[in-house]
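One structure is given below, encoded as structure tokens.
The values are calculated or read from the model by the stated rules, or taken from the named source; none is laboratory data. Predicted model only: the values in this text are computed from it and were never measured. Neighbour counts run over all protein chains shown; Cβ positions are idealised from the backbone, glycine included.
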Amino acid sequence: SLNALENVLLPSLFSEEDLSERAMELLKMVGLQGRWDHLPGELSGGERQRVALARALLRNPPLILADEPTGNIDTTQAGKLMRILRRIAREGKAIIVATHDPVVASSCHRVLRLRDGKMGGRM
């Protein structure tokens, strides 16, 4: 099993670039400084969710697809995660969030509703 830092570094296995420092910065950004060496079983659901976000950001992608990013975390952690996603969006990244949570949807810049397999317009 991989610890949090190794998990975030997983995408770098296909790169010769050393991304350890960036991985540690991302773990700090998502509030997991000091938890770098923890295994998944030692992390809460919300912490594992934040490790996944840090891993997704490691290679600095222009687009983030987030499927129910707050599904396994409490409202406090969900708010923190959404603030991180909004900050990333302000930095010029495109973020697509799929959610059933109206609170999460209301915090997004633009919301499209999918109902019965059809796009139902904006909220």
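Values for this structure:
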| quantity | calculated |
| --- | --- |
| Residue list for segment 57-80, filter: touching a strand residue (DSSP E or B) at 6+ places or on another chain (Cβ under 6 Å) and surrounded by 18 or more Cβ atoms within 10 Å (Cβ to Cβ) | 66 |
| Single residue of segment 81-99 satisfying the filter (exposed (fewer than 15 other Cβ atoms within 10 Å of the Cβ) and closer than 20 Å to residue 48 by Cβ) that is modelled with the lowest pLDDT | 83 |
| Enumerated helices (runs of 4 or more DSSP H) restricted to segment 1-92, each holding at least 3 residues that are more than 12 Å from the chain's Cα centre (by Cα) and assigned by TED's automatic domain parsing to the domain that holds residue 110 | 75-90 |
| Verdict on residue 84 being within 22 Å of residue 19 (Cα to Cα) and of a type in the set (Val, Ile, Thr) | yes |
| Some residue of segment 64-75 being out of contact with any helix residue (DSSP H, G or I) (no Cβ under 9 Å at 6 or more places or on another chain) and among the acidic types (Asp, Glu) | yes |
